Amino acid sequence: MYQKTQGIVLHTLKYNDTSNIVHIYTRENGRASFLVKQPKSRKSGVRSVLFQPLAFVEFEADFRPKANLYYIKEVKSAYPFQSIPYHPYKSGIALFLAEFLYRALKEEAPNEPLFAYLQHSISWLDACEQHFSNFHIVFLMRLSRFLGLRPNLDLYTEGCYFDMSNACFTLTTPTSGSYLLPEEASRIRLLFRMNYDTMHLFGMNRTERNRCLTIINDYYRLHLPDFPQLKSLDVLKELFG
């Protein structure tokens with residue numbers, strides 16, 4: 001049956017000469033995949049330009065039971081971007097986060113708090129005029145709570161190691177082989193104190209920012225099944241160098 005919903009575009013893949021497959025994180029159905037025919041005219045109800053990374057779209061689709069690929073009937077922008085597609089740094093962040101979310105979000109079930117978080121974060125980035133170089137770090141740190149991967153910060157004491165595999169602090173060297181030494185472990189609580197409004201107060205140079213991004217990416221790879229090395233990660237590191 002046809003259903004109207006809103007969603008955030010994660011990934012677009014060419015299917016054949018006339019159609020694309022678009023992966024969208026929807027408000028009512030979680031992650032879903034849609035077959036989108038390429039428009040033959042400007043009057044078409046489905047325009048490819050609407051499916052840029054992290055775009056908010058409002059559409060009507062045929063959600064048939066047990067189907068794994070749905071058909072979109074009509075689509076329109078639910079929030080026209082003002083800056084993300086036209087700003088080189090913001091578009092670089094959007095490409096990275098879209099690839100990250102495409103690999104991380106597998107749940108085919110509604111998660112309203114997560115959807116609201118994504119919607120708020122992306123619109124914040126679009127509206128922000130300056131001081132957003134730490135945005136992707138804050139975004140990924142706070143995303144861990146919605147995915148059930150947030151570390152227990154209450155167990156920290158000075159001199160602890162951080163066990164990456166078990167997501168906890170420990171006074172002894174972890175046996176897992178994936179851990180942070182006390183100096184870096186102590187910064188985790190600091191990173192979780194950052195938010196979009198205060199992140200510009202936490203100054204980081206290129207080396208520190210790239211190290212944070214590497215640690216966060218490695219952490220997610222340890223905890224999310226089949227999470228690959230992201231192609232856009234190195235591009236983002238260079239962009240904010």
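Alpha carbon centre of segment 124-146 versus segment 204-241: separation in Å?
The distance from the Cα centre of segment 124-146 to that of segment 204-241 comes to 14 Å.
If the only charges are +1 at each Lys and Arg Cβ and -1 at each Asp and Glu Cβ, what is the size of the charge dipole of segment 156-241 around the Cα centre, to the nearest 20 debye?
Working: 9 positive and 10 negative charges, 34 e Å.
The dipole magnitude comes to about 160 debye.
Over its Cα atoms, what ratio of radius of gyration to 2.2 N^0.38 Å does segment 71-123 give? Spell out each step's value before the answer.
On the way: Rg = 12.9 Å, N = 53, 2.2 N^0.38 = 9.9 Å.
So segment 71-123 has a normalised radius of gyration of 1.30.
Filter the chain for me: DSSP H helices, axial length by Cα at least 18 angstrom, mean Kyte-Doolittle hydropathy not below 0.0. List them by residue number.
Numbers: long enough: 88-104 (24 Å, 0.56); 112-127 (22 Å, 0.20); 206-223 (26 Å, -1.12).
Long hydrophobic helices here: 88-104, 112-127.
Of Tyr196, Ala55, Trp124, which is farthest towards the positive pole of the chain's charge dipole, taken about the Cα centre with +1 and -1 on the beta-carbons of Lys, Arg and Asp, Glu respectively?
Ranked along the dipole, the leading option is Ala55.
So, with +1 on the Cβ of K and R and -1 on the Cβ of D and E, and no other charges, what is the size of the charge dipole of the chain about its Cα centre, to the nearest 20 debye? All intermediate terms of the calculation are to be shown ahead of the outcome.
Details: 28 positive and 23 negative charges, 171 e Å.
With only Lys, Arg, Asp and Glu charged at Cβ, the dipole is about 820 debye.
Go through 89-98, 223-232 and give me the packing order, highest mean Cβ count within 10 Å leading.
Details: 89-98: 20.8, 223-232: 12.4.
Taking the mean over residues of other Cβ atoms within 10 Å, the ranking is 89-98, 223-232.
Suppose every Lys and Arg Cβ carries +1 and every Asp and Glu Cβ carries -1, with no other charges. What dipole size does segment 71-155 come out with about its Cα centre, to the nearest 20 debye?
With only Lys, Arg, Asp and Glu charged at Cβ, the dipole is about 100 debye.
What value in Å³ per residue do you get for the convex hull of the alpha-carbon atoms in the chain?
136
Could you state the accessible area per residue of segment 76-208 in Å², with a 1.4 Å probe and every protein chain left in place? All intermediate terms of the calculation are to be shown ahead of the outcome.
Working: 7080 Å² over 133 residues.
Result: 53 Å² per residue.
The values are calculated or read from the model by the stated rules, or taken from the named source; none is laboratory data. Keep in mind the model is a prediction, meaning the values are calculated, not measured. Here the Cβ is made from the backbone with ideal geometry for all residues, glycine too, and neighbour counts use every protein chain on show. We work out accessible area using only protein heavy atoms, side chains counted, and drop any ligands, DNA or RNA first. Shrake-Rupley method; radii C 1.70, N 1.55, O 1.52, S 1.80 Å.
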